[in-house]
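The values are calculated or read from the model by the stated rules, or taken from the named source; none is laboratory data. It should be emphasised that the depicted structure is a prediction, and the values quoted were computed from it without experimental measurement. No Cβ is skipped: glycine too gets one built from the backbone with ideal geometry, and neighbour counts run over all protein chains shown.
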């Protein structure tokens, strides 16, 4: 360690004597700064009032001692005082902040400036040193740092809320544990990315995501409750609050985003709401199923008593056919809802000319239009509009909308069906002049089991499934549907359906002609429901087939071996031996018959299991007899021509 105290040569002090007494007085009088001089070796030469006040030494206690006495021992051991002097010699000036030691051993935070001094001849004569006590500022900074650290720890420790900052452009600038917990992203994956990455695609494409930032900046705050997207693509229902942040000068510095996952709360609320709606739905379902059963029972009584009255029997058959079709539509709607909500519905996307599909809907519903004496105005002849879609589902969508308009519009009403092109989408409009849709019902008209208020007579009926099916089927085709209505009687409602267009395809090949079949073909109907099997056998006998029946799996195998049928209509859910097991056994043979599954199970997994077992097709009950006959003739024709 350098010598801490030695006598200062008189000649050196004399040579540095300040001639200007006013200047000396000025320096000595400064009390906020320690201003003193060091010789070339770092020993104290002068001492002012500020130095005495700041460091606690009297002049006679410190002059001649090495300036390292002001440093903590750890810094002395590191050789830091000598490094400061060397830096001042090399650079001419050195500035530093750090802890320094007073005479009583207490520490203070100091700003230190050491300046190299040379005389008029350029000879190095020592250093000036100015020290300022910044302890109070340091304490304030430390308090601020601790406060910010506590706030950061609080924010980072919160897991129920995603709390993060955005820069003015909407890019993520910070990330807490709650944000990671709720979204699945690590900070390194999202910092610098736009916050719109958590928005569903439909909000991004519509521009709504960017509008939220503009609204928050304009109004200071914006709140949204809706869907957000996690890293794995799953969605969660969230409350999002965006707050614009400004510094004291009013400059916009970014946004605070606080997001809370409300999925569980929404699920509970949804379950409670659905419980109420399902209770109502079950009552409606019982009512709707009893309605067609009553005329069916009446028609059966008529047929039993009509004897030879062919006209009465024909009328009864028509009643039964119409009511069975009505029940079938209800069951199909229920099954479609189940498939959609479970994500298992299958859409066959093929080029489809919209005008053909819309004309098919009009042809189907023309009897209902005539029955209620409605006038129908159509603009659906534009043959240039093509989409990529499932023809059956598109017809079902428009049929539901137009059937609703017919059903809810009083007799003699006006119905409209039109089609046009806007941008890259086809727009289909269904209008009526009926009672319209109440304003409070309009936002939820596409929800399951939702219907307008009706009295106990329920003149319109229905299960409240149609519009929900429409919306979800349209979404599967990449489109959207909206409802518009003033709610005023006589002004009716308008449904607007939008579907993405594709260029018109090249001409499609026509159907391949089938060859003449050998007759009569043998068919085996296997079903544990005896009535279903027997009536189907009787039906095929009227078509000229040799039809036989079996009512379980083992009987089916015996019939195949004894009767050698050409075609087997085989139920899947059989007692003892399932239809799938029967099919696997039959297909071991060299000349296996054509197998067609006829089942009440119609999900994609059921169809896949049937095809894997060797069935040529999987049909869902009830089967249209004419379509089934045409399909069987096609299969037999292909086999005979092979």
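A few notes on this one:
- Among residues of the range 71-82 that are free of Cβ contacts under 8 Å to residues at least 60 places away in the same chain, those with a Cβ under 6 angstrom from a residue that is not in a helix (DSSP H, G or I), sequence gap 6+ or separate chain, pair up as 72/99; 72/101; 81/71.
- Test for residue 186: is it more than 15 Å from the chain's Cα centre (by Cα), loosely packed, with under 13 Cβ neighbours inside 10 Å, at pLDDT 85 or above and under 21 Å from residue 235 (Cα atoms): yes
Results for (1) assigned to a helix (DSSP H, G or I); (2) in contact with a helix residue (DSSP H, G or I) (Cβ under 8 Å, 6 or more places away or on another chain); (3) surrounded by fewer than 16 Cβ atoms within 10 Å (Cβ to Cβ); (4) not assigned by TED's automatic domain parsing to the domain that holds residue 530, shown as yes or no for each residue.
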residue	(1), (2), (3), (4)
558	yes, no, yes, no
565	no, yes, no, no
596	no, yes, no, no
631	yes, no, no, no
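- Any hit, the range 105-116, residues being outside any strand (DSSP E or B) and over 23 Å from residue 135 (Cα atoms): no
- Here 490, 479, 412, 423 are screened, and the one residue that is surrounded by 15 or more Cβ atoms within 10 Å (Cβ to Cβ) and either at pLDDT 75 or above or within 31 Å of the chain's Cα centre (by Cα) (or both) is 479.
- Among the residues making up the range 496-520, those that are in contact with a strand residue (DSSP E or B) (Cβ under 7 Å, 6 or more places away or on another chain) and at pLDDT below 85 are 504, 505, 520.
- The conditions of being in contact with a helix residue (DSSP H, G or I) (Cβ under 7 Å, 6 or more places away or on another chain) and modelled with pLDDT under 75 are met by residue 460.
Every residue, every condition in (1) part of a loop (DSSP other than H, G, I, E, B); (2) touching a strand residue (DSSP E or B) at 6+ places or on another chain (Cβ under 8 Å); (3) at pLDDT below 90, yes or no:
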residue: 4; (1), (2), (3): yes, yes, yes
residue: 8; (1), (2), (3): yes, yes, yes
residue: 12; (1), (2), (3): no, no, yes
residue: 18; (1), (2), (3): yes, no, yes
residue: 23; (1), (2), (3): no, no, yes
residue: 41; (1), (2), (3): yes, yes, no
residue: 75; (1), (2), (3): no, yes, no
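- Summed over the range 348-374, the residues that are in a strand (DSSP E or B) and touching a helix residue (DSSP H, G or I) at 6+ places or on another chain (Cβ under 8 Å) give a count of 2.
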